[in-house]
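Written below as structure tokens is the structure these notes are about.
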Amino acid sequence: MSEIPYKIYLTENELPTHWHNIRAVMPEQPDPMLHPGTMKPCVKEDLLPLFCEGVVEQEMNSTDEFIEIPREIRDFYKMYRPSPLVRAYCLEKELGTPAKLYYKFEGNNTSGSHKLNSAAAQTYYAKKQGVTHLTTETGAGQWGTALAMSCVFFGVDLTVYMVKISSEQKPYRKICMETYGAKVVPSPSDTTDSGRKILAENPGTGGSLGCAISEAIETAVKTPNCRYVLGSVLNHVLLHQSVIGQETKAACDMYGIAPDVIIGCAGGGSNLGGLISPFMADKLRGKNNIEFIAVEPASCPSLTRGRYAYDFGDTARTTPLMRMYTMGSGFIPSPNHAGGLRYHGMSPILSKLYHDGHIKAKSYVQSEVFEEAVRFARAEGTLPAPESAHAIKAAVDEALRCKETGEARTILFGLSGTGYFDLAAYDSFNRKTMTDHVPTDAELEKGFETLVKV
Ligand SMILES: *Cc1c(COP(=O)(O)O)cnc(C)c1O
């Protein structure tokens, strides 16, 4: 075997033709989504008023292991995929570890993260169905930007409800979305009943993701030919993100790379779920013994300290109920947390795999995460997203452990995005004004009290 290059790029022709659906391989299925009114398992018809038909079918599909990626989506992917699998030679040297480090980098597109993989797919299915308008919410802005890019490409109108405080703190994100033709509405706004209600109760509020979701859902339901789209957590989003894992697996197979550990950051679970999908299938079939690690912030620790329970996907308590690891939909993460991954719940697929012992989880406070983000940027040249830096931190810890024991393990991690849009957080780290918050058990208890009794 020749030496592994710094960057392994598949060619355009080697781009995966199929997404990988891990549910078809899981020995036990995640518990079904429940209708919040009837508390009965959701059927397709429950979801169709809100979501596009193509993705509802995928959401419900637990039998087909491979689902063909339509040609139009593959053509869109060709604008920025395949993404590189990078051998972190420079970081290995910096750490002095015998371990081999690899990362799959999803930040090489203007939206700056893996979210474009699902945005493209969801927009394509909207267009195919004759939907003319999509709505969504965005906090930090990565998802809104990705969707703006895919909507203008496929010719679908887009309204993004952006948490007001974020739209003020991140004006460049807003400008970026507008440049791609999206309408960006700071939320809460006076354009919806739910927005007006929140404004009447809290005139000065900076908004929240929960509030932006309510506005996006209300507009989707009230506007003809309009649907709502979500950028993480749901089964179909993990399916679309499996393009990351499919490419990674192909690159590994091509060069005889056999990971011992695969690590990813987990907010709602989509980049990690997508990265591990085909590797997990092999593990469940007894073909490998890879250790899978989900990494989350200590300030929002759904896997490591949450409950495995039925909960709403949003703070406004309007979505179907999902059984997942959750802090409770009423949990409000500490505002000092800059490092992303602030979602209260976790993908039901990853939750089930974790519950059944197929995945491990770790958490770190943000200052230790940023320390590794800076070391990584200086060694490897790439400025990581704060979310992705959680995975870097866990990978470095493992590499340093290998240094102690002399093990030459192969560690692969997902670098889900670029840090260009998070310079304010880097600034706060550099100026040593960044603080850490780990919620107390009593604070967590308050979140758990908002769980529904099923
Ligand atoms: C949104 C985002 C995440 C978290 O979402 P997942 O669904 O857990 O992948 C992680 N990294 C980046 C760069 C993101 O934009």
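Of all residues in the stretch 151-176, those satisfying the criterion of being of a type outside the set (Lys, Arg), in contact with a Ser or Thr (Cβ under 7 Å, 6 or more places away or on another chain), more than 15 Å from the ligand (Cβ to nearest atom) and in a helix (DSSP H, G or I) are Cys151, Phe154. Considering the stretch 385-398 alone, what residues qualify as being in contact with a Leu (Cβ under 7 Å, 6 or more places away or on another chain) and either surrounded by fewer than 17 Cβ atoms within 10 Å (Cβ to Cβ) or over 19 Å from Ile276 (Cβ atoms) (or both)? Val396 - this is the single residue of the stretch 385-398 that is in contact with a Leu (Cβ under 7 Å, 6 or more places away or on another chain) and either surrounded by fewer than 17 Cβ atoms within 10 Å (Cβ to Cβ) or over 19 Å from Ile276 (Cβ atoms) (or both). Scanning the stretch 1-16 for residues being part of a loop (DSSP other than H, G, I, E, B) and open to solvent by less than 60 Å² (accessible area, probe 1.4 Å) gives a total of 5. Identify, please: which residue in the stretch 165-203 is polar (S, T, N, Q) and out of contact with any Pro (no Cβ under 9 Å at 6 or more places or on another chain) and is, among those, modelled with the lowest pLDDT? Among them, the one singled out is Gln169. Looking at this structure, is Glu45 touching a helix residue (DSSP H, G or I) at 6+ places or on another chain (Cβ under 7 Å) and not in a loop (DSSP other than H, G, I, E, B)? Considered against the rule, which asks whether it is touching a helix residue (DSSP H, G or I) at 6+ places or on another chain (Cβ under 7 Å) and not in a loop (DSSP other than H, G, I, E, B), Glu45 comes out as no.
Residues in the stretch 33-42 that are buried (at least 17 other Cβ atoms within 10 Å of the Cβ) and either of a type in the set (S, T, N, Q) or in a loop (DSSP other than H, G, I, E, B) (or both): Met33, Cys42. Output yes when any residue across the stretch 281-302 is polar (S, T, N, Q), at pLDDT 95 or above, within 16 Å of the ligand (Cβ to nearest atom) and open to solvent by 10 Å² or more (accessible area, probe 1.4 Å), and no when none is. Scanning the stretch 281-302, I find no residue that is polar (S, T, N, Q), at pLDDT 95 or above, within 16 Å of the ligand (Cβ to nearest atom) and open to solvent by 10 Å² or more (accessible area, probe 1.4 Å), so the answer is no. Within the option set Leu134, Leu147, being under 23 Å from Cys211 (Cα atoms), under 17 Å from the mean Cα position of the chain (by Cα) and hydrophobic (A, V, I, L, M, F, W, C) holds for one residue only, Leu147. Being of a type in the set (A, V, I, L, M, F, W, C), within 16 Å of the ligand (Cβ to nearest atom) and not in a loop (DSSP other than H, G, I, E, B) holds for only one residue in Ala220, Ala212, and it is Ala212.
Screening the stretch 74-93 for residues that are hydroxyl-bearing (Ser, Thr, Tyr) and either over 19 Å from the mean Cα position of the chain (by Cα) or part of a helix (DSSP H, G or I) (or both) and picking the one that is surrounded by the fewest Cβ atoms within 10 Å (Cβ to Cβ) gives Tyr89.
Pairs linking a residue in the stretch 65-86 that is touching a residue at least 24 places away in the same chain (Cβ under 8 Å) to a residue that is of a type in the set (Val, Ile, Thr) and open to solvent by 40 Å² or more (accessible area, probe 1.4 Å), with Cβ atoms under 8 Å and 6 or more positions apart or on different chains, are Glu68/Thr17; Ile69/Thr17; Arg74/Thr17; Pro82/Thr11. Please work out which residue is nearest to the ligand (Cβ to nearest atom), limiting yourself to the stretch 99-147 and to residues that are open to solvent by less than 20 Å² (accessible area, probe 1.4 Å) and at positive phi. Filtering the stretch 99-147 for residues that are open to solvent by less than 20 Å² (accessible area, probe 1.4 Å) and at positive phi, the one nearest to the ligand (Cβ to nearest atom) comes out as Gly112. Candidates in the stretch 236-274 are the residues that are β-branched (Val, Ile, Thr) and closer than 23 Å to Ser118 by Cβ; of these, the one that is nearest to the ligand (Cβ to nearest atom) is Val237. The set of residues in the stretch 273-290 being of a type in the set (Ser, Thr, Tyr) and not in a helix (DSSP H, G or I) is empty. Candidates Ser329, Ser334: the one that is away from the ligand (no atom under 16 Å from the Cβ), part of a loop (DSSP other than H, G, I, E, B), open to solvent by 10 Å² or more (accessible area, probe 1.4 Å) and modelled with pLDDT under 95 is Ser334.
The values are calculated or read from the model by the stated rules, or taken from the named source; none is laboratory data. Computed from a prediction, not measured in an experiment: that's the story for all the values here. Glycine gets a Cβ as well: all are built from the backbone with ideal geometry, and neighbour counts include every protein chain shown. What goes into the accessible areas is simple: the full protein's heavy atoms, side chains included, and nothing from ligands, DNA or RNA. Shrake-Rupley method; radii C 1.70, N 1.55, O 1.52, S 1.80 Å.
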